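Asker: My structure is below; once you've seen it, I'll send some questions.
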Amino acid sequence: MKLQQLKYILEVAKHDLNVSATALSLYTSQPGISKQIRLLEDELGVEVFARSGKHLTRITPAGEAILEIASEIIQRVESIKKVSQEFSDERIGSLSIATTHTQALYALPPAITQFIKSYPDVSLHMQQGTPMQISEMAASGNVDFAIATEALSHFSDLIMMPCYRWNRSVVVPKNHPLAQLSKLTLQDIAAHPIVTYVFGFTGRSKLDDAFKLQGLNPKVVFTAVDSDVIKAYVRLNLGVGIIASMAYDEKVDSDLVALDASHLFESSTTQLGFRKGTFLRGYMYKFINLFAPHLTPEVVKAVMACESRNQIDEIFADQQLPDMN
């Protein structure tokens, strides 16, 4: 059994059993991958993939179990590499982050700017996606950190730490009737068409829960994953926008008014997650601390030593998280 064979079966599964696409991504030949997979299956005495002729059709039950273990092995190998890199040159390496558009554009820039100044020889990579995609990338080890508000809690093999709390604002044109009110109510908002985030994005569930609790059924006429898209459609008078307060820029959005809605919706918490068993290099601890100052290396190490989610929650139980608005 070779590590290369384990990498091949993981990549084939990742590419929906398309060996040609896998070969392209790995810069190798399709026959070479097929041969190595067959050699591995012959050695194990079971099929990882079921076939119809020359085509792979599905992952077998045995294959599911093998792929899970193979993923853990490859992750451990990567950790070994990181250990050696840490002791050879602690200021050179790479850091990959998966996050949403809102976090990438409005929350992360200060931390990333300072990080690049401090670690110019660390290659920084950012991927964007849905909260579920982001969580899956971290859980599979394809990225080092996932930063999101939704979905991380669905993955038991992720260590999650709270970074900051945030709430929402209603954005409208300056001449809109809501802009004339001294204090918003949910009833006021529900009387107008609403433009907001797609469900599962940026704390959308908290928004829906607030209206439901009041027995209101607001008319959501347009949803998007991007705060800037939401604001663009508010400008077209499609409806009133509900966005993360941090996504309103007084200079860029000077034609809109942001109305505080923090008294109407429960605050949401953005979390940073990474796969259990990950070896964190020194600059990784530094990035976490730059993004969330209360997450010092000592706190992160204490979290990593916890055996349950309840123990992690106890660490942050009495801690006042910073607000990002």
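Asker: Need a quick list: helices (runs of 4 or more DSSP H) entirely within region 249-325 having at least 1 residues that are surrounded by 14 or more Cβ atoms within 10 Å (Cβ to Cβ) and among the aromatic types (Phe, Trp, Tyr). So that I can check it myself, show each step before the final result.
Answerer: Values: elements: 282-291, 297-304, 309-316.
In region 249-325, 282-291, 309-316 are the helices (runs of 4 or more DSSP H) which contain 1 or more residues that are surrounded by 14 or more Cβ atoms within 10 Å (Cβ to Cβ) and among the aromatic types (Phe, Trp, Tyr).
Asker: If you don't mind, there's one more thing I want to ask. Looking only at residues that are touching a Lys or Arg at 6+ places or on another chain (Cβ under 7 Å) and at pLDDT 85 or above in region 56-89, which one is nearest to Val12 (Cα to Cα)?
Answerer: Result: Thr57.
Asker: Here's a check for you: in region 38-55, which residue that is within 19 Å of Glu11 (Cβ to Cβ) and in contact with a Ser or Thr (Cβ under 9 Å, 6 or more places away or on another chain) is most open to solvent (accessible area, probe 1.4 Å)? Reasoning before the result, please.
Answerer: Step one: filter region 38-55 for residues within 19 Å of Glu11 (Cβ to Cβ), giving 38-41, 43-44, 47-51, 54-55.
Right, trim to in contact with a Ser or Thr (Cβ under 9 Å, 6 or more places away or on another chain) and you get 47-51, 54.
Numbers: Glu47: 82, Val48: 0, Phe49: 0, Ala50: 12, Arg51: 64, Lys54: 197 Å².
Looking at residues that are within 19 Å of Glu11 (Cβ to Cβ) and in contact with a Ser or Thr (Cβ under 9 Å, 6 or more places away or on another chain), I get Lys54.
Condition check ((1) under 20 Å from Ser140 (Cβ atoms); (2) under 30 Å from the mean Cα position of the chain (by Cα)) across all residues:
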| position | (1), (2) |
| --- | --- |
| Gln4 | yes, yes |
| Asp16 | yes, yes |
| Ser20 | no, yes |
| Leu24 | yes, yes |
| Thr28 | no, no |
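Asker: Within region 264-276, does at least one residue satisfy the condition of being under 24 Å from His154 (Cα atoms) and of a type in the set (A, V, I, L, M)?
Answerer: Taking region 264-276 as the starting set, the residues that turn out to be under 24 Å from His154 (Cα atoms) are 265-276.
Right, trim to of a type in the set (A, V, I, L, M) and you get 272.
Yes, because at least one residue in region 264-276 is under 24 Å from His154 (Cα atoms) and of a type in the set (A, V, I, L, M).
Asker: Also, I was wondering about something else. With the requirement that a residue be farther than 17 Å from Leu280 by Cβ and either touching a residue at least 40 places away in the same chain (Cβ under 8 Å) or charged (D, E, K, R) (or both), what does region 91-109 give you? Full working, then the answer.
Answerer: Looking only at region 91-109, we keep the residues that are farther than 17 Å from Leu280 by Cβ, and these are 99-109.
Answer for region 91-109, where residues must be farther than 17 Å from Leu280 by Cβ and either touching a residue at least 40 places away in the same chain (Cβ under 8 Å) or charged (D, E, K, R) (or both): Thr99, Thr100, His101, Thr102, Gln103, Leu105, Tyr106, Ala107, Leu108.
Asker: Same structure again: Those residues that are open to solvent by 60 Å² or more (accessible area, probe 1.4 Å) and among the aliphatic types (A, V, I, L, M), I need them from region 56-73; list them, please. Write out each step before concluding.
Answerer: Initial filter on region 56-73 (open to solvent by 60 Å² or more (accessible area, probe 1.4 Å)): 57-58, 61, 64, 68-69, 72-73.
Once the filter is applied, which keeps residues that are open to solvent by 60 Å² or more (accessible area, probe 1.4 Å) and among the aliphatic types (A, V, I, L, M), region 56-73 yields Ile69, Ile73.
Asker: Before we move on, is Asp144 within 27 Å of Glu90 (Cα to Cα) and either buried (at least 17 other Cβ atoms within 10 Å of the Cβ) or within 23 Å of the chain's Cα centre (by Cα) (or both)?
Answerer: Judged against the criteria, Asp144 is a match.
Asker: Given the residues Leu186, Leu181, Leu207, which is the only one that is open to solvent by 70 Å² or more (accessible area, probe 1.4 Å) and either of a type outside the set (Lys, Arg) or within 13 Å of Thr102 (Cα to Cα) (or both)? Spell out the reasoning first.
Answerer: Numbers: Leu186 fails: open to solvent by 70 Å² or more (accessible area, probe 1.4 Å); Leu207 fails: open to solvent by 70 Å² or more (accessible area, probe 1.4 Å).
Sole residue among the options that is open to solvent by 70 Å² or more (accessible area, probe 1.4 Å) and either of a type outside the set (Lys, Arg) or within 13 Å of Thr102 (Cα to Cα) (or both): Leu181.
Asker: Take the residues in region 147-175 that are open to solvent by 30 Å² or more (accessible area, probe 1.4 Å) and more than 15 Å from the chain's Cα centre (by Cα); name whichever of them is nearest to Leu256 (Cα to Cα).
Answerer: Of everything passing the filter in region 147-175, Lys174 is nearest to Leu256 (Cα to Cα).
Asker: Do you know which residues across region 76-114 are buried (at least 18 other Cβ atoms within 10 Å of the Cβ) and polar (S, T, N, Q)?
Answerer: Once the filter is applied, which keeps residues that are buried (at least 18 other Cβ atoms within 10 Å of the Cβ) and polar (S, T, N, Q), region 76-114 yields Thr99, Thr100, Thr102, Gln103.
Asker: Additional query: Looking at region 214-234, I want the residues that are under 19 Å from Leu256 (Cα atoms) and have a partner that is open to solvent by 60 Å² or more (accessible area, probe 1.4 Å) with Cβ atoms under 6 Å, at least 6 apart or on another chain. Which pairs are those?
Answerer: Every condition considered, the pairs that remain are Phe222/Tyr233; Phe222/Leu238.
Asker: Further, regarding this structure: Within region 132-148, identify whether any single residue is among the charged types (D, E, K, R) and without any contact (Cβ under 8 Å) to a residue 24 or more places away in the chain, and answer yes or no. Give the derivation first.
Answerer: At the first step, the residues of region 132-148 found to be among the charged types (D, E, K, R) are 136, 144.
Next, only the ones that are without any contact (Cβ under 8 Å) to a residue 24 or more places away in the chain stay: 136.
Yes: region 132-148 contains one or more residues that are among the charged types (D, E, K, R) and without any contact (Cβ under 8 Å) to a residue 24 or more places away in the chain.
Asker: Within region 6-31, can you find the residues that are of a type outside the set (Ser, Thr, Tyr), more than 15 Å from Leu56 (Cβ to Cβ) and either surrounded by 14 or more Cβ atoms within 10 Å (Cβ to Cβ) or in contact with a helix residue (DSSP H, G or I) (Cβ under 6 Å, 6 or more places away or on another chain) (or both)?
Answerer: First, pick out the residues of region 6-31 that are of a type outside the set (Ser, Thr, Tyr): 6-7, 9-19, 21, 23-24, 26, 30-31.
Narrowing further to those that are more than 15 Å from Leu56 (Cβ to Cβ): 6-7, 24, 26.
If the condition is that a residue be of a type outside the set (Ser, Thr, Tyr), more than 15 Å from Leu56 (Cβ to Cβ) and either surrounded by 14 or more Cβ atoms within 10 Å (Cβ to Cβ) or in contact with a helix residue (DSSP H, G or I) (Cβ under 6 Å, 6 or more places away or on another chain) (or both), then Leu6, Lys7, Leu26 are the ones that fit.
The values are calculated or read from the model by the stated rules, or taken from the named source; none is laboratory data. These numbers were taken from a predicted model, which means no experiment stands behind them. Counting neighbours? That spans all protein chains shown, and the Cβs are built from the backbone with ideal geometry, glycine included. Just the protein is used for accessible areas: all its heavy atoms, side chains included, with ligands, DNA and RNA removed. Shrake-Rupley method; radii C 1.70, N 1.55, O 1.52, S 1.80 Å.
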